[in-house]
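These notes are about the structure you will find just below.
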Amino acid sequence: MVSLPDVQSSNAQIANTLPAGLVAVFVGATNGIGEAALKEFARSTRSPRAYFIGRSQEAAARITAECRQLNPEGEFTFIKADVSLIRNVDSVCRELQSKEKTINILFLSCGTIRFGEDTSEGLHVMAATGYYARTRFIVNLLPNLKQATGLRRVVSVLAGGHEGPIDVTDFQGKSMSMLKIRGHIVSMTDMALETLAEQAPEVTFINDYPGAVKTGIGREPNTLLTWIMTIVLMVIGPLIYIPIRESGERHLFFATSAKYPPRIRLDAAMEDSAGVPLSEGVEVASGMDGKVGSGVYSIHWSGEHAGPKVVKLLAGLREEGMAQKVWQHTIGEFDRITGSADV
């Protein structure tokens with residue numbers, strides 16, 4: 001486990017070890033983990049430019065003001081959008097690309113517990129926010145990440161370490177129970193990140209499990225099970241929740257630490273290409289393939305690798321050609337919805 005003091009020590013070095021003017025995009029940051037990570041980014045960086053996407057203009061006004069208090073030299077820009085729709089994702093990406101040529105951090109924490117409903121684009125809403133929208137953001141913004149100097153990183157806050165079988169007859173999980181769909185989507189995400197890493201080995205890709213954190217995701221229960229889950233968390237949540245500030249600190253660590261280097265460092269002379277240097281006792285993480293520093297990581301909230309069971313499960317999926325199957329399906333859905341696999 002990466003201790004909280006080690007996390008805080010690493011974050012305290014960001015201003016001195018990483019360049020000023022880092023550009024970060026936070027998708028799903030008007031509450032919960034995304035908001036907490038955005039604030040830690042504001043607190044710890046020099047003259048950052050941060051864009052955050054969500055649905056609440058009221059929350060955005062508050063968050064913008066708080067970020068400016070944390071860092072008066074930073075720029076904090078809100079983009080209002082419902083990212084459960086792929087066409088809206090494309091619109092947001094075009095706006096971002098009109099403002100920035102390079103992006104250092106893409107942080108994805110959008111999600112919903114709504115279940116058994118489809119978006120107007122024909123995607124299961126839970127999969128739309130948890131997988132398709134996130135993957136579309138990465139695909140669209142990957143050129144900007146690749147063009148960045150130094151830090152280049154994608155963090156998807158999902159459920160690393162909770163991978164499960166992938167059902168190729170039901171990629172969207174429309175016929176699955178809530179208990180089954182999580183592992184299915186997590187493994188689909190892993191396969192997609194590995195495919196994207198082949199296109200951009202100079203970028204770090206992380207799928208992390210945040211642990212139990214009080215967020216706004218429970219605002220939209222639409223089934224008996226999701227209502228029960230919401231009520232249970234109201235009762236036991238205070239006993240098990242990771243403090244929201246700590247969650248933000250840990251996610252900033254995931255987004256900046258050299259514990260998670262990319263597969264290939266094109267600018268090897270620049271230490272910040274791998275992230276903030278490790279403190280004594282903190283080691284480089286193993287990737288999804290079990291190899292140290294392999295560039296694509298499935299990690300627990302503690303910052304450590306998800307474990308040998310995950311490595312074995314993913315190895316089996318690779319042997320089945322699952323990465324190619326997932327990717328063909330994903331690109332096919334993008335093309336069906338927008339008429340193009342590209343933004």
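The values are calculated or read from the model by the stated rules, or taken from the named source; none is laboratory data. Everything quoted here is computed from the prediction, not taken from an experiment. Note that each Cβ is placed from the backbone with ideal geometry, even for glycine, and that neighbours are counted across all protein chains shown. What goes into the accessible areas is simple: the full protein's heavy atoms, side chains included, and nothing from ligands, DNA or RNA. Shrake-Rupley method; radii C 1.70, N 1.55, O 1.52, S 1.80 Å.
Of note:
- Between ALA212, ALA192, ALA200, the distinction of being farther than 18 Å from LEU123 by Cβ and at pLDDT 95 or above belongs to ALA200 only.
- Apart from one condition, ASN16 fits all of (1) in contact (Cβ under 8 Å) with a residue 40 or more places away in the chain; (2) assigned to a helix (DSSP H, G or I); (3) farther than 18 Å from GLN69 by Cα; the exception is (1).
- Filter result for the condition that a residue is modelled with pLDDT of 95 or more, within 19 Å of the chain's Cα centre (by Cα) and part of a helix (DSSP H, G or I), over ALA36, ALA24, ALA50: ALA36
- Within region 125-137, residues that are over 16 Å from LEU96 (Cα atoms) and touching a residue at least 24 places away in the same chain (Cβ under 8 Å) have Cβ atoms under 9 Å from residues that are assigned to a helix (DSSP H, G or I) and among the basic types (Lys, Arg) in these pairs: GLY130/ARG182, counting only partners at least 6 apart in sequence or on another chain.
- Residues of region 165-214 satisfying the condition of being surrounded by fewer than 19 Cβ atoms within 10 Å (Cβ to Cβ), free of Cβ contacts under 8 Å to residues at least 60 places away in the same chain and within 20 Å of THR129 (Cβ to Cβ): ASP167, ASP170, LYS174, SER175, SER177, LEU179, LYS180, GLY183, ALA212
- Odd one out for ARG43 among (1) buried (at least 23 other Cβ atoms within 10 Å of the Cβ); (2) assigned to a helix (DSSP H, G or I): (1)
- Of all residues in region 254-277 being farther than 13 Å from LEU18 by Cα and within 22 Å of the chain's Cα centre (by Cα), the one that is modelled with the lowest pLDDT: ARG265
- When region 290-312 is limited to residues that are of a type outside the set (A, V, I, L, M, F, W, C), within 19 Å of the chain's Cα centre (by Cα) and farther than 23 Å from SER3 by Cβ, the one that is least open to solvent (accessible area, probe 1.4 Å) turns out to be GLY295.
- Selection status of SER47, on the phi > 0 side of the Ramachandran plot and not basic (Lys, Arg): yes
- Residues located in region 1-13, provided they are among the polar types (S, T, N, Q) and either open to solvent by less than 10 Å² (accessible area, probe 1.4 Å) or not in a loop (DSSP other than H, G, I, E, B) (or both): GLN8, SER9, SER10, ASN11
- Scanning region 82-105 for residues that are among the small types (Gly, Ala, Ser) and surrounded by fewer than 18 Cβ atoms within 10 Å (Cβ to Cβ) yields SER91, SER98.
- For region 75-93, the criterion of being of a type in the set (Ser, Thr, Tyr), under 20 Å from ALA37 (Cβ atoms) and in contact (Cβ under 8 Å) with a residue 60 or more places away in the chain is met by none of the residues.
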